[in-house]
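Notes follow the structure.
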Amino acid sequence: MDYKEIAEQIYTKVGKKNNITDVTHCMTRLRLKLMDYDKADTDAIKKIQGVMGININEAELQIVLGPGRVDNVFSEFTALMDNEASSNNIEAFSSKSGDIKKPSIGDGKELHAQIRAKNATPFKLLTKRIANIFIPMIPGFIACGLLTGILGISFKINPELTSWPIIQLLTVMSNAIFFGLNILVGYNAAKEFGGSPTMGAILAIVLSHPNLANINLMGNNLVPGRGGIIAVLMVAILGALLERYLKKIIPEMFSLFLTPLLVLLIGGLTAIFILQPVGQIIAEGIGMAATTAIQQGGVITGFILGGIWLPLVMLGIHQTMTPIHAQLLSEYGVTILLPILAMAGCGQIGASIAVYVKTKNKFLKKTILSALPVGIMGVGEPLIYGVTLPLGKPFIGACIGGAFGGAVQAAFMVGASAMGISGLPLAATTNNIPVYLVGLVVAYIGGFIATWIIGFDDPEEEEE
């Protein structure tokens, strides 16, 4: 596939550099922030070979390309922007009139900020910022979770492996994310909220320090790690906000010394006396709510959660689950919510296969074939934006399939030792692989049958 050609076509159809204020990418999507979204020819972008679909979310144009492909297209896309920027600079420098005014990046960012302020709610923006704290840690959760799952399977096959030094070393590696989790959360939280990342990490260390166990204040023994991830989040955010405030009121010549000292003293003492107890109440509440809902609600809870997850993803509310997964992993070693929610993507697999079997549209068949492998591996965006959502009814079929799969996972309270992955790879991280796989197949079948019954309007072949 010619990645440069794909990038050039997208670049032209979104209005080139003068209309682009920012460009980033995730695992599957090229994300563009534009000055004028009406200038983007979305219909033409959809027809570009290699594009699986598009979505505009919170004033951001997301072009679904799929894993691997998006990295290559992003590199070519940014190269095009850099080349045009160089050309514009030369043109402006050589111009004798001196009054050529190019649209500036700053102007575009200001416009984008106005659009976001109008369309995004404070709650969604806050949850997105909280999610941004954990997103950089997902590769660590994936690596440690998969290694934990592989070791767990190995121990069941041969229990004597636990005495092997190399296996013991691998066990240490599989648990590494949890030993440094509070520090990573503190670092990222302070950074996200505009404070010093190092101070965020230090405040997290204060809450986790083993010597706290040797201290008794007012008849109460301090507990290292009390309040879990929630307490760390609160103290790191408090420290960042406090640091920003102190820098405004402390003279510059003293700020270098006083600001970090006061952040440590005020933030640390507030955390020990207030935030840790509050964090413990919240953390215990989250754990109890999750386990009680699934224990008592069983298949009904799983059916509901598995069925509504895709719509929540579309609304952006799914980001609220990221810190909850992290807290459950920190407290119990597994999250019982992830296997249930992962079934939504599995329902999409079944729905997309049903569309493939019934449709006569060759382009749609090709799109499904290219997106199914990554969908099975847990990356569902290509199928959402390229198949089920544009067709409408198959999206409902996918939700139904996810509901049935979620019911199976909840019935047996399957837990996963990782987050950030789903689909087939998640099986290796679960504490009940056979049941997880059964639920996965149920979601496939449920999504297929529901979509087959509901049907859809088969799009006509477009003439070249």
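Among the listed pairs K47/K366; K17/K46; K4/K365; K39/K366, a Cα-Cα separation exceeding 22 Å is found for K4/K365; K39/K366.
Restricting the calculation to Cα atoms, every distinct pair contributes to the Kirkwood radius of the chain, found to be 24.6 Å. Computed from the C-beta positions of T42 and I281, the FRET efficiency with R₀ = 45 Å rounds to 0.45.
What full-extension length gain, to one decimal in nm, is calculated for I274 and Q296 as 0.36 nm per residue of separation minus the Cα-Cα distance? Working shown, then result.
Numbers: separation 22, 0.36 × 22 = 7.92 nm, distance 3.25 nm.
Length difference between fully extended and current span is 4.7 nm.
Sort C346, C399, C26, C144 so that the residue with the fewest other Cβ atoms within 10 Å of its own Cβ comes first and the one with the most comes last.
Lowest to highest Cβ neighbour count: C26, C144, C399, C346.
Going from the residue with the fewest nearby Cβ atoms within 10 Å to the one with the most, E160, E243, E381 rank E160, E243, E381. The ranking of M288, M35, M234 by Cβ neighbour count inside 10 Å, starting from the fewest, reads M288, M35, M234.
Distance between the pseudo-spin-label points of T12 and I249 (7 Å out from Cα toward the beta carbon): 5.9 nm. In order along segment 419-428, the Karplus-derived 3J(HN,Hα) couplings, from 6.51 cos²θ - 1.76 cosθ + 1.60 at θ = phi - 60°, round to 9, x, 10, 7, x, 5, x, 5, 4, 5 Hz, and Gly and Pro are given as x.
Its residues counted as N, segment 382-424 yields a C-alpha radius of gyration over 2.2 N^0.38 Å of 1.41.
For the residue pairs K16/K362; K128/K247; K191/K247, the C-alpha atoms sit more than 21 angstrom apart in K16/K362; K128/K247.
Remark on I20: its backbone amide H falls under 5 Å from those of M35, a criterion applied only to residues 5 or more positions apart or on other chains, H modelled at 1.01 Å from N. Across segment 392-450, Cα pairs under 8 Å and at least six residues apart give a relative contact order of 53 percent.
The label point for A176 and the one for M288, both projected 7 Å from the Cα toward the Cβ, are 3.7 nm apart. Sorted on the mean count of surrounding Cβ atoms within 10 Å across their residues, most packed first, peptides 176-188, 331-343 read 331-343, 176-188. If the chain linking V357 and N211 were pulled fully straight, counting 0.36 nm for each residue of separation and taking away their Cα-Cα distance, it would gain 46.3 nm. Across the chain, C-alpha contacts under 8 Å between residues 6 or more apart give a mean separation that, scaled by the residue count, equals a relative contact order of 15 percent.
Rounded to whole numbers, the Karplus 3J(HN,Hα) couplings from phi for segment 33-46 are 10, 10, 6, 9, 6, 5, 6, 7, 7, 5, 5, 5, 5, 4 Hz, using 6.51 cos²θ - 1.76 cosθ + 1.60 with θ = phi - 60°, and x at Gly and Pro. Averaged over all directions, how much area does the convex hull of the C-alpha atoms of segment 279-387 cover when projected, in nm²? It is 7.7 nm². Name the helices (complete DSSP H segments) of the chain with a Cα length along the long axis of 27 Å or more and a Kyte-Doolittle mean of at least 0.0, or state none. Sorted by number, the helices that extend far enough and score high enough are 138-157, 228-249, 276-297, 338-358, 393-411, 433-454.
Every number in this text was worked out from the coordinates using simple rules, so none of it is lab data. None of these values were measured; they are calculated from a predicted model. Methodologically, a virtual Cβ is constructed for each residue, glycine included, from the backbone with ideal geometry; neighbour enumeration extends over all protein chains shown.
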